[in-house]
Amino acid sequence: MGETEEAIQLINEEKEFNSSTLQYFQKCVKERDVGVDYHVISVFGSQSSGKSTLLNALFHTQFDTMNAKVKRQQTTKGIWLGHTTRIATLENSLTPVKDLFVLDVEGSDGAERGEDQDFERKAALFAIAISEVLIVNMWEQQVGLYQGNNMALLKTVFEVNLSLFGHQNDHKVLLLFVIRDHVGVTPLSSLQETLEAELNAIWSDLAKPEGCENSSLYDFFDLKFTALAHKVLQPDLFMENVKELGNKFSSETPGKSFFKPEYHHNLPLDGWTMYAGNCWNQIETNKDLDLPTQQILVAKFKTEEISNQALALLLENYPVDLHCRELSDLAGKLQELKSLCLQEYDTYASRYAKPVYMDNRRDLSHKIENKFKETISKFLDVQKEDLLSQVEKDLTERSRSTPFVTKMKEARKKAFDAFEELLLQFTKLELVASLSDENEAFSIALDEACSNQSRKQLKQSVNRISKSVSSGIKEDIFFLLAHPELDLWDKVMEKFNEIVSDSTERYAVDDEKFDFQVGLSEEENQKVYKKVRSNAWTNLYEFVHGYLNEDNVVSILRDRFENKFRYDEHDSPRLWRNEEEIDNAFRVAKEHALEVLNVLSLASNSDHVEIVPDVPLSSGLDDEELEGEYEDEEGIYHEKGFAHILTASQRERAVQKFKRQANTTVIEAKRSIIRTTTH
Ligand code: GDP
Ligand code: MG
């Protein structure tokens, strides 16, 4: 039949809700976004009163009628659901209209009632809960018969309506009475009068809930009456009447249309199936049916579902590798994605209960943000690296004029500000609420980079000092040791202190305090200075002990001896005249040489106090020592060992060697006399 789907049994004889209703809706509506632009109508009336026939003629639906399927539907109780977008009207055989869903309620006849009162009550409650218009279909002869099935039904409808909307005064239902086989002898107006009188009588007999005691029928219902000619006897007039009715259903003009906004339940169509199913389950299990609660339940479920769809849409459109070097590119893309996703959500979810819609919108925004954060983080990682290497570059650039600490502070601030500016761009565009964790992480990374650079800088300074000390010792201390006098160690110490203070002069704040200008605390600076001294002392230790070995001591003594022995007080070479002269000079020179043996083998000052370094000696320089504790470290040298240069036996051997060499010198001198005198 093309445009209309066959009707389905929404609720079957076993009072079960049809589980394939959703598919049916999808088939009817296809891909159209209906929202709340649809209507629901229910039809009540005794069996075989021509309900289905009317619906099919009016709405182009395909409900079973008795003619078509022989007698079958006599027993097919339940609620049937049909769909249409076309209505029979006077102007056109089938005028297009908004989606219209029609519920054909197949009850039972008076005779069989009793057992099925339960179903009728449930069906009425269900119809009221979901539809805008209730058509009550009846034969003309039935009007005015109090005991008629229809009146019992109407009493039920009034009751269930009060139970649902008694406390609510913004919702109404239209009761549309369709009188069939209207012969015309009794005008519609008097039929209407009779019916209204009956309805008011039923209403006033009704036990009304609290708060509604004085309410009127018209507070909850609008009433409309219409009559149709005999279908078999006056087929043309019947169709004419049907089309007149159709005009009232299809009209969009307020006042002319049967539909009014206050009849609508304002539930988006995509939630309708779930809503209807839930309502029926509540009714069927005899639970209290509370429509606002049901609507919220549906709203929760649906908005969540829509939110998931929206997120899926975002992920589908998310570029696999969103690597943008340019912030504006990235921000633009993210903004696009965000609005794509939120638009999708808003379009479908905003029709549901506002608080629920807003709640899920917030959740969705969080999810979007989390996704964005991953991408932004990746982007920021690249920026971070750039900024950090710039900091490193700034700090390694040589500039005598600006102290390292100042440079470091400036570079750090420059990088930090630049990074913060980046973050601000993202938060300003509301792509993420906060990036404070990124900020913190970068701050830590910056600190680390700065401290690495300052450690490097410090190490350089300390090395430079060590080199300077070392070359000072090699030059000046060497000279002193090679030409010792009795006050050798006073001079060595004086020179040593001078070398150390010359080498560290750049870092001295005053005599006591040092600042290596890498941002250390006073205490840390002091530690480094101590380390510097420790290195210097170690250097001195190694030099002294390395140089003043047995052989060198012998040669120093010999030099000293020879200078005294071979040269006179004016530094002129002596000429020997006799052996006596030689013996005298030999004695003096030997004494003179051996005079310094003590100072060469034991380092002590002129007050005979052994030299002891005032800092612990270290075995070398490495990074940890610059930062950590090193006081208690076990070095390879001990401070007390500094003074002890030659052992007693070394000293004895040195003396022996020296004496032998001195004797040789004397013998040579004596030979020279012999040679001169024999000439
Ligand atoms: P339903 O059980 O209320 O759905 O009634 P049906 O539409 O199946 O119709 C029951 C019987 O009444 C069928 O045989 C129809 O042909 C007949 N019928 C339908 N409409 C009219 C009508 O307007 N007047 C008369 N007299 N019979 C009708
Ligand atoms: Mg029927």
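Between Arg121 and Thr402, what length in nm is gained on full extension when 0.36 nm per residue of separation is reduced by their alpha carbon distance?
Computed gain between Arg121 and Thr402 is 91.9 nm.
What is the magnitude of the charge dipole of the chain about its Cα centre, with +1 placed on the Cβ of each Lys and Arg, -1 on the Cβ of each Asp and Glu, and no other charges, expressed in debye to the nearest 20?
Taking the Cα centre of the chain as origin, the dipole is about 1500 debye.
Between the stretch 383-457 and the stretch 484-550, how many Å separate their Cα centres?
Here the two parts' Cα centres lie 37 Å apart.
Once phi is turned into θ = phi - 60°, what whole-Hz ³J(HN,Hα) does the Karplus curve with 6.51, -1.76 and 1.60 give for every residue of the stretch 473-489, x standing for Gly and Pro?
5, 4, 7, 7, 5, 4, 4, 5, 5, 6, 10, x, 10, 5, 8, 3, 6
Of all trypsin sites (Lys or Arg not before Pro) in the stretch 477-570, which ones are in loop regions per DSSP and have a Cβ with at most 14 other Cβ atoms within 10 Å? Let's see the in-between values first.
On the way: sites: Lys491, Lys495, Arg506, Lys513, Lys527, Lys530, Lys531, Arg533, Arg558, Arg560, Lys564, Arg566; in loops: Lys513.
The qualifying sites are Lys513.
Apply the Karplus curve 6.51 cos²θ - 1.76 cosθ + 1.60, θ = phi - 60°, to the phi angles in the stretch 225-238 and return the couplings in whole Hz, x for Gly and Pro.
Calculated HN-Hα couplings, in order: 10, 8, 10, 10, 6, 5, 5, 7, 7, 10, x, 5, 5, 4 Hz.
Based solely on its DSSP helices, what 222 nm [θ] is calculated for the chain when runs of n ≥ 4 H residues each add -39,500 (n - 2.57) and the sum is averaged over all residues, nearest 500 deg cm²/dmol?
-19000 deg cm²/dmol
Taking the Cα centre as origin and putting +1 on Lys and Arg beta-carbons and -1 on Asp and Glu beta-carbons, what dipole magnitude results for the stretch 481-533, to the nearest 20 debye?
Charge dipole of the stretch 481-533: 320 debye, to the nearest 20.
Students often check this: by mean Cβ neighbours within 10 Å, which of 637-643, 210-216, 301-307 ranks highest, and how do the rest follow?
301-307, 637-643, 210-216
Compute the acute angle (0 to 90°) between the alpha-carbon long axis of helix 117-130 and the principal axis of greatest extent of the alpha-carbon atoms of the chain; round to the nearest 10°.
Roughly 60 degrees, rounded to the nearest 10.
On a 28 Å Cα-Cα criterion, which of the cross-link pairs Lys30/Lys248; Lys15/Lys224; Lys287/Lys367; Lys27/Lys172 come out too long?
Working: Lys30/Lys248 26 Å; Lys15/Lys224 30 Å; Lys287/Lys367 37 Å; Lys27/Lys172 30 Å.
Pairs exceeding 28 Å: Lys15/Lys224; Lys287/Lys367; Lys27/Lys172.
Once Lys and Arg get +1 and Asp and Glu get -1 on their Cβ, which of Val405, Ala415, Ser461 lies farthest toward the positive end of the dipole of the stretch 372-468?
Of the options given, the answer is Ser461.
Using a cut-off of 13 Å between beta-carbons, work out the net charge of the residues near Thr427 (Lys and Arg +1, Asp and Glu -1, Thr427 not included). Could you put the intermediate results ahead of the total?
Numbers: positive: Lys373, Lys428; negative: Glu369, Glu420, Glu421, Glu430, Asp437, Glu438.
My count for the surroundings of Thr427 gives -4.
First check a/c for the chain, with a ≥ b ≥ c the square roots of the eigenvalues of its C-alpha gyration tensor; if it is under 1.5, answer rounded, and if not, answer prolate when a/b is larger than b/c or oblate otherwise.
Values: a/c = 6.30, a/b = 5.57, b/c = 1.13.
Note, shape of the chain comes out prolate.
Kindly express, to the nearest 10 degrees and within the range 0 to 90, the angle between helix 354-396's C-alpha long axis and the longest C-alpha principal axis of the chain.
20 degrees
State, as an integer percentage, the relative contact order of the chain based on alpha-carbon contacts under 8 Å between residues 6 or more apart.
9 percent
Which of the three applies to the stretch 249-313, rounded, prolate or oblate, going by the alpha-carbon gyration tensor with a ≥ b ≥ c and a/c under 1.5 meaning rounded?
Oblate.
Take Thr89, Thr347, Thr538, Thr253 and order them by how many other Cβ atoms sit within 10 Å, fewest up front.
In increasing order of surrounding Cβ atoms, one gets Thr253, Thr347, Thr89, Thr538.
Taking the Cα atoms only, what angle lies between the long axis of helix 404-428 and the longest principal axis of the chain, rounded to 10 degrees?
Between the helix axis and the principal axis of the chain, the angle is about 10 degrees.
Would you be so kind as to identify which of Val500, Ser470, Leu481 lies farthest towards the positive end of the dipole of the stretch 468-534, taking Lys and Arg as +1 and Asp and Glu as -1 on Cβ and the Cα centre as origin?
Result: Ser470, furthest along the dipole toward the positive end.
How would you classify the stretch 191-313 from its alpha-carbon gyration tensor, with a ≥ b ≥ c the square roots of the eigenvalues: rounded for a/c under 1.5, else prolate if a/b is greater than b/c, otherwise oblate?
Taking the square roots of the gyration eigenvalues as a ≥ b ≥ c, the stretch 191-313 is oblate.
Select from the stretch 436-500 those GluC sites (Glu not before Pro) which occupy a DSSP coil region and have at most 15 other Cβ atoms within 10 Å, ordered by residue number. Present the calculation step by step, with values, prior to reporting the outcome.
Details: sites: Glu438, Glu440, Glu448, Glu475, Glu485, Glu494, Glu498; in loops: Glu485.
Passing sites in the stretch 436-500 are Glu485.
Read-outs throughout are calculated quantities, based only on the coordinates presented, and are distinct from any laboratory measurement. Note that this is a predicted model, so its numbers are computed, not measured. Positions of Cβ are backbone-derived with ideal geometry, glycine not excepted, and every protein chain shown enters the neighbour counts.
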